[in-house]
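The next block holds one structure in the form of structure tokens; read it before the comments.
The values are calculated or read from the model by the stated rules, or taken from the named source; none is laboratory data. All of these numbers come straight from a predicted model, not from anything done at the bench. FYI the Cβ positions are ideal-geometry reconstructions off the backbone, even for glycines, and counts take in every protein chain you see.
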Amino acid sequence: MEELQCPACGETEDLLGRQNGEMIEVTCQRCDQQWERDPNAIPTCDRCDGDDMEGAVKAVVEKSRGSQLSIVATQVVYLCRVCDDRILSSYRIGRSPLMPDQLPTD
């Protein structure tokens, strides 16, 4: 089984899991990132059907004032280590949240 790691900071040991129904709520005690994990689901790539996936934090943004965008939340997304190699390589360097594919324009 693949080692569980925080998608925000990469921590692999200081993680706390708590059962919540069918899901496990995981909290990184190093950076306070929280996410849910389905212990029965294995994420797969919708392009190559591979299961070599890595979690990453993606920002949820909204317009706050004028054209200024603010991060209002984050979510964990799983990226394919084969198909998304360039994005993951860049993400691993700074661990800054990935920006959404589309930004709000209204």
Practice prompt. Give me a count of the residues in the stretch 18-35 that are part of a strand (DSSP E or B) and surrounded by 13 or more Cβ atoms within 10 Å (Cβ to Cβ).
Written response: 8
Worksheet item: Quick check: is even one residue across the stretch 70-93 out of contact with any Lys or Arg (no Cβ under 9 Å at 6 or more places or on another chain), in contact (Cβ under 8 Å) with a residue 60 or more places away in the chain and either closer than 20 Å to Thr27 by Cβ or not in a strand (DSSP E or B) (or both)?
Response: yes
Item to complete: For the stretch 56-86, name all the residues that are closer than 22 Å to Glu36 by Cβ and aliphatic (A, V, I, L, M).
Response: Ala56, Val57, Ala59, Val60, Val61, Ile71, Val72, Ala73, Val76, Val77, Leu79
Discussion item. Just to verify a result, which residue in the stretch 78-106, among those that are surrounded by 13 or more Cβ atoms within 10 Å (Cβ to Cβ) and touching a Leu at 6+ places or on another chain (Cβ under 7 Å), is nearest to Cys9 (Cα to Cα)?
Written reply: Tyr91
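Count, please, the residues in the stretch 41-80 that happen to be among the basic types (Lys, Arg) and modelled with pLDDT of 90 or more.
Qualifying residue count for the region: 2.
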Discussion item. Just checking, does the stretch 3-13 include any residue being surrounded by 12 or more Cβ atoms within 10 Å (Cβ to Cβ) and either part of a strand (DSSP E or B) or among the small types (Gly, Ala, Ser) (or both)?
Written reply: yes
Item to complete: Give the number of residues within the stretch 44-60 that are more than 10 Å from the chain's Cα centre (by Cα) and buried (at least 16 other Cβ atoms within 10 Å of the Cβ).
Response: 2
Worksheet, complete the sentence: Output for Cβ contacts, cut-off 6 Å, separation at least six or different chains, first residue farther than 15 Å from Gln75 by Cα in the stretch 16-27, second among the charged types (D, E, K, R) and assigned to a loop (DSSP other than H, G, I, E, B), reads Met23/Asp38
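Could you please let me know if Cys45 is free of Cβ contacts under 8 Å to residues at least 40 places away in the same chain, in a loop (DSSP other than H, G, I, E, B), farther than 21 Å from Arg95 by Cβ and not β-branched (Val, Ile, Thr)?
Yes.
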